[in-house]
2 protein chains.
Amino acid sequence: MNINTIQKLTKLIRYYILTMTTTAGSGHTTSSLSAVELMTALMFGGFFRTDLSNRQNPTNDRLIFSKGHASPLFYSLYAAAGKISMDELLQYRKFSSPLEGHPTLEFPYTEAPTGSLGQGLPIGLGMAMALRQLTGPAAHVSQRYDTSPVGTPRSRHPSIPIVYVLLGDGEMAEGSVWEAIQAASYNNVDNLVAVLDVNRLGQSQPTMFEHHLDEYKKRFEVFGWKTVIVKNGHDLSQVVTAYKAMQKLSGHGKPVAIIAKTFKGYGIKSLQDKDNWHGKPLPKDLYDQAIKELGNVDMKIRGEVKKPVLSSKYQVSSMKKNIPNKKYVIRNTIYKFGDSIATRQAAGDALTSLMYTYTNVVVLDGDVKNSLFTETTQREHRERYFEMFIAEQNMTGTAIGFSRRGFIPFMTTFSAFMTRAYDQIRMAALAKANIKFLGSHAGVSIGEDGASQMGLEDLSMFRSIWGSSVLYPADGVSTAKLMEEMIKKPGISYIRVARPTTSVIYDEKEEFPIGGSKLHTLSSRAKRGDPGVGSGIASPASRDRNDNKKVIIIAAGITLYEALKAQEELGKEGIEAIVVDCYSIKPIDKKTLIDLIKPSTTNYQPITNIITVEDHWFEGGLGDAVLNVYATEQKVKVYKLAVTKLPHSGKPAELLEYEGISTKGIVSKVKEILQ
Amino acid sequence: MNINTIQKLTKLIRYYILTMTTTAGSGHTTSSLSAVELMTALMFGGFFRTDLSNRQNPTNDRLIFSKGHASPLFYSLYAAAGKISMDELLQYRKFSSPLEGHPTLEFPYTEAPTGSLGQGLPIGLGMAMALRQLTGPAAHVSQRYDTSPVGTPRSRHPSIPIVYVLLGDGEMAEGSVWEAIQAASYNNVDNLVAVLDVNRLGQSQPTMFEHHLDEYKKRFEVFGWKTVIVKNGHDLSQVVTAYKAMQKLSGHGKPVAIIAKTFKGYGIKSLQDKDNWHGKPLPKDLYDQAIKELGNVDMKIRGEVKKPVLSSKYQVSSMKKNIPNKKYVIRNTIYKFGDSIATRQAAGDALTSLMYTYTNVVVLDGDVKNSLFTETTQREHRERYFEMFIAEQNMTGTAIGFSRRGFIPFMTTFSAFMTRAYDQIRMAALAKANIKFLGSHAGVSIGEDGASQMGLEDLSMFRSIWGSSVLYPADGVSTAKLMEEMIKKPGISYIRVARPTTSVIYDEKEEFPIGGSKLHTLSSRAKRGDPGVGSGIASPASRDRNDNKKVIIIAAGITLYEALKAQEELGKEGIEAIVVDCYSIKPIDKKTLIDLIKPSTTNYQPITNIITVEDHWFEGGLGDAVLNVYATEQKVKVYKLAVTKLPHSGKPAELLEYEGISTKGIVSKVKEILQ
């Protein structure tokens, strides 16, 4: 399309932006106006190549608005492309409308929801890496294993689509942006293009560098990016020239940044480059003035978006295609009852095995592969294993990008450091992302490394994520099984694994559905031949016992073993404890937990005393999940044992003792209750 | 001290490191060995000036190990200074020992706990800014208001102490580090020195840039730092020369980075520059070999740390000194019953007022001052108001630094974006930091901006922080009062304020202690002349009522108003609802909540039905806090109303309705329960 047509489209788009925000009575008018030329030229100048009628075409270019508050511009582009109507634009920000204040998946052309600044580029990076996996020749994919200091440029194959990310200058202060900038150049992701809209004004004052484009240019370049400067981001010929330069630069080993000087509110005198207009629409009178200022607007004109060209030489590879289809080795079959294995190792082993079957699983590692036993995973699945170094925010954003293109990413680090990415995890839920978080070294049971390394708020954090599953297996078998359950269930799952070795207590044939639990009575353990249980104190005797001497102990992970030992000790004193392995903390096995307290063949009266025990802060973990189950159950009393004192370095056993979540702590609590 | 003496000290320190880790059976031996020369020369070469016998001396230089896993080196330095004994070193990582796996406040020379990588520099930045406030001439302090692109160098006054931060190369991938690097140069913090220990190896593989010092040098420089390269970080003469260069560079407007090439495990053949030795001590046999390798160690030698020189020309200013002591204007006295004011505005106004009384309060703003009404705060308290731009991780780290030097920082942003700093907030708890988090725009009640801007996990997040207070006031008066209560109570507090205006329902004379609550009955409201309450339906009538028709509704913030309206509607139908304003979610007012359900002069039977209603995800918020209160109370049934569906953009009222937390939702829930 020629510049005159694009010029006309910018007028139409400005008209849309002004009208939809004034009609809505809210919205970020000025932040949208600054990027009109940048985005209109990209989309309708023949640079952005995508099939608007087939969103799943793997060769589509992708566009992400990291500055999500510019949603009026975002929606207007698709209106100018004829994909949505004026009437739809006028529904902007209304409850019933898919055109939300910040882009969400309700709008079909949104690649990922944004609105929390600094998250678009990590997502774009993940998407660009995913597209390279899907469409690139193996040689290209293998680039990323070049770990010598920043690899030498290779020519990107034209079949690999480009991901464009519109960034605001305000969000350049976010470290997550620099994590992504660093990772993109390190991995030679040359199908990623950042468009930086330097409009000088943040929300409450000028940005750090205002219009000093060079401050951004030199930073991008020193981080290994190619850059193109646009001195006037409202001069279409300059903008078009910049995109042409970008086309030459991209695909040659490095990502490209287009850095453009713009003005917030450009084109409207009352707004342009003025303070205190952030996130505000024009009132009616100024709106009318503004529309006059725009002059003639061609309301009929529509822009054309070019379709992607699929290279003749290269086929788009199916996800399976790049992947060796070796036989699926179920490593967890080696776990025999009584074996000792850390759940973190079982998780790593299971991941390595499962990736043979689930060929769309990818792994993002935060430099912990020697703690999570995923070094084997990397060796056996090079094409789908990405070392992301110590940058959890970017890892999570990248995972969102992979997920949005159909992969199932595992984000792996210590459970304590999942906190680093909470904002990204929150946004992943809005993106309905299919991400599996694998967090190791949970709780005080890590011991000597001390409190800074102990994940003690992870269960709380992930429970509060919309639609999440939260899993906490105790032994190798349940861990391996749950790793597969996670993959099978779409959405965000978190699995918490521990550092110490624990003994295998389940048979490999047992199933561990998400939302389930396992009951342990002395008799069931005796049947299973559990060495901890003497034959004398199996359940039959308990029939004669007073139900008031019954208690339910609900535990998970490391504390399950403490609970089982407590069960033995209590049994010797004529107190029957039913131990629940609550490996699925969300969703929790409500039915089983409710049935347990009801009178039954073994309980003649309802059981009223329940104890929860967890290696997690008192708030938000297993105990609170259980409280919710019994919230409206009268008669029931729930006693919570959890981490309440600031933990030290020390031996795991000492720490469990110190926090009162050891066998001893459980036993004395039970006695105190039953007194 | 001369180089030979320092050389001897490095030998002693290597001996300490090897011995304490092998004795402990764990610890990061190799990561400690790489920085021995860098830290020994700093501490004993006359560069680091501090009064080890008076930790509170405001002119002390400060040393932070951002790579906290090098704790064996950290402790060994103080042993070499004669401050701790060999016996104490041998207690390393034992439960009873203050020498934990990563530095904590148990050890008196720890400035702030570290161990979560990438956090030391933000903390150091805050500390450097705090020391500048305490000891610098006003002219110097005022530098930071120079918002023209990176200010011109000014000569630092010698009385201003320097904060040194030891960084690892692995953590340079963390965005939080780049946030701090950017903020430090932008604010011309020239009393901050980073010492980068480039030992080439991360935990599980080589770092991104291995030994390419230039990759770090050019990044630091482009971000506005001065740099000094040390080609061989184990050659003491090179290291000493570098510190001399640093002395010339620092204090001239910009922070300084010393970038040194080192080897992990340096000095011990079996370890040096070898993979798979991260976080591992030497086994006995290799240890003996290593000690031989060390040769003669002078066990008697001790190093001397120079005391700070306080400039004759400048006095150290007390915190009050730099601060205008205008009269304390209690702005909240303007709030009259029935007034409409948003709690976010009340919070901003209160902050401005309170800063006149509490002269050690500082504010760190994430570019939201026009949303939080803290523009006035900035105008009236320039010396203590810091615009930190959109970088929540660095803001929180900086707050820790300020807090550790005796200030009370407020960290202000949207409640949704507090999630960005969860790891830093977690670490702030370990630092026993005295930080006040002010989070606005909480919940679905923000309306049109949509889900990405809605803080819906903030209560859960802060409840799970050790020792925290979590506050959620409903009106202007309670907000203003709680702002002062927060300041008076040491430790981490979070106050959640809302976007919409709400009517003032409390008298300015009422008190709002942390841990308290307020009860609202129809009669109490009638007494107060609450317009919502018709005289006909006051409490006396309720005496005749069946207690089974009584219900307790526990709410906070925006939902309190929905609950009060529900109370009116229910009253008309002969259902008496006691409404609790649970403004203190942690600690929660357990006594009042328990008393409420007991038989009393107004209740002839215990009240069994309790409803909680909150503008927060179902998990981890007010409802879960209440469940904990009644956990062991039989008879009681708790029904939770909370946000369960993914929210849209829309009108606040529509969204409260949609989530079932509006008046209508409450009323229908009560009727359902009482059926």
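The values are calculated or read from the model by the stated rules, or taken from the named source; none is laboratory data. If you're wondering where the values come from, they're calculated on a predicted model, not measured in any experiment. Ideal geometry is used to build each Cβ from the backbone, glycine not excepted, and the neighbour counts take in all protein chains shown.
At-a-glance table
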item	result
Residues (polar (S, T, N, Q) and more than 19 Å from B:Pro587 (Cβ to Cβ)) located in segment B:507-535	B:Thr521, B:Ser523, B:Ser524, B:Ser535
Options A:Arg14, A:Arg55; residue that is away from chain B (no Cβ under 13 Å) and under 21 Å from A:Ala431 (Cα atoms)	A:Arg55
Count of segment A:443-484 residues which are in contact with a strand residue (DSSP E or B) (Cβ under 8 Å, 6 or more places away or on another chain) and not β-branched (Val, Ile, Thr)	25
Residues of segment B:22-40 classified as buried (at least 24 other Cβ atoms within 10 Å of the Cβ) and either of a type in the set (Gly, Ala, Ser) or closer than 21 Å to B:Arg302 by Cα (or both), total	11
Residue selected from segment A:386-406 under the condition within 12 Å of another protein chain (Cβ to nearest Cβ) and not in a helix (DSSP H, G or I), by the criterion surrounded by the fewest Cβ atoms within 10 Å (Cβ to Cβ)	A:Glu387
Those residues of segment A:603-639 which are facing another protein chain (nearest Cβ under 7 Å) and not hydrophobic (A, V, I, L, M, F, W, C), in sequence order	A:Glu619, A:Gly620, A:Asp624, A:Asn628, A:Thr632, A:Gln634, A:Lys635, A:Lys637, A:Tyr639
Those residues of segment A:67-108 which are buried (at least 19 other Cβ atoms within 10 Å of the Cβ), assigned to a loop (DSSP other than H, G, I, E, B) and away from chain B (no Cβ under 12 Å), in sequence order	A:Ile84
Any hit, segment B:567-577, residues being part of a strand (DSSP E or B), modelled with pLDDT of 95 or more and either of a type in the set (Gly, Ala, Ser) or farther than 21 Å from B:Gln675 by Cβ (or both)	yes
Helices (runs of 4 or more DSSP H) completely within segment A:151-263 that count 2 or more residues being closer than 30 Å to B:Glu375 by Cβ	A:175-186, A:213-222
Total residues in segment A:584-634, condition in contact (Cβ under 8 Å) with a residue 24 or more places away in the chain, among the polar types (S, T, N, Q) and closer than 14 Å to B:Asn628 by Cα	2
Counted residues, segment B:407-461 - those being assigned to a loop (DSSP other than H, G, I, E, B) and either at the interface with chain A (Cβ under 9 Å from one of its Cβ atoms) or not β-branched (Val, Ile, Thr) (or both)	14
Filter pass, A:Thr644 being assigned by TED's automatic domain parsing to the domain that holds A:Ser584 and modelled with pLDDT under 95	no
Segment B:640-675, subset of a type in the set (A, V, I, L, M) and within 11 Å of chain A (Cβ to nearest Cβ), residue farthest from B:Ile446 (Cα to Cα)	B:Ile673
Segment A:372-384 - residue that is more than 12 Å from every other protein chain (Cβ to nearest Cβ) and over 14 Å from A:Ser353 (Cβ atoms) and, of those, surrounded by the most Cβ atoms within 10 Å (Cβ to Cβ)	A:Glu383
Of all residues making up segment A:470-493, the number that are surrounded by fewer than 24 Cβ atoms within 10 Å (Cβ to Cβ) and not in a helix (DSSP H, G or I)	3
Total residues in segment B:350-365, condition closer than 22 Å to B:Leu131 by Cα and within 21 Å of the chain's Cα centre (by Cα)	9
Failed item in (1) at pLDDT 95 or above; (2) touching a strand residue (DSSP E or B) at 6+ places or on another chain (Cβ under 7 Å); (3) more than 28 Å from B:Glu659 (Cα to Cα); (4) not aliphatic (A, V, I, L, M), with A:Asn434 passing the rest	(3)
Answer residue from segment A:270-293, given it is acidic (Asp, Glu) and modelled with pLDDT of 95 or more and is nearest to A:Arg14 (Cα to Cα) among those	A:Glu293
Residue within segment A:130-138 that is within 11 Å of chain B (Cβ to nearest Cβ), modelled with pLDDT of 85 or more and buried (at least 18 other Cβ atoms within 10 Å of the Cβ) present	no
Residues that are away from every other protein chain (no Cβ under 12 Å), within 29 Å of B:Ser445 (Cβ to Cβ) and not in a loop (DSSP other than H, G, I, E, B), drawn from segment A:109-129	A:Ile123
Qualifying residue in segment B:8-17 (condition: without any contact (Cβ under 8 Å) to a residue 60 or more places away in the chain, in the same structural domain as B:Ser204 (by TED's automatic domain parsing) and not in a loop (DSSP other than H, G, I, E, B))	yes
Failed item in (1) crowded, with 24+ Cβ neighbours inside 10 Å; (2) more than 10 Å from every other protein chain (Cβ to nearest Cβ), with B:Ala173 passing the rest	(2)
Breaking point among (1) at pLDDT 95 or above; (2) within 14 Å of chain B (Cβ to nearest Cβ); (3) under 28 Å from the mean Cα position of the chain (by Cα), for A:Val193	(2)
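Matching residues to (1) closer than 25 Å to A:Val580 by Cβ; (2) touching a Pro at 6+ places or on another chain (Cβ under 6 Å); (3) not assigned by TED's automatic domain parsing to the domain that holds A:Tyr358:
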site: A:Arg405; (1), (2), (3): no, no, no
site: A:Ile408; (1), (2), (3): no, no, no
site: A:Met411; (1), (2), (3): no, no, no
site: A:Arg420; (1), (2), (3): no, no, no
site: A:Ala431; (1), (2), (3): no, yes, no
site: A:Gly439; (1), (2), (3): yes, no, no
site: A:Leu459; (1), (2), (3): yes, no, no
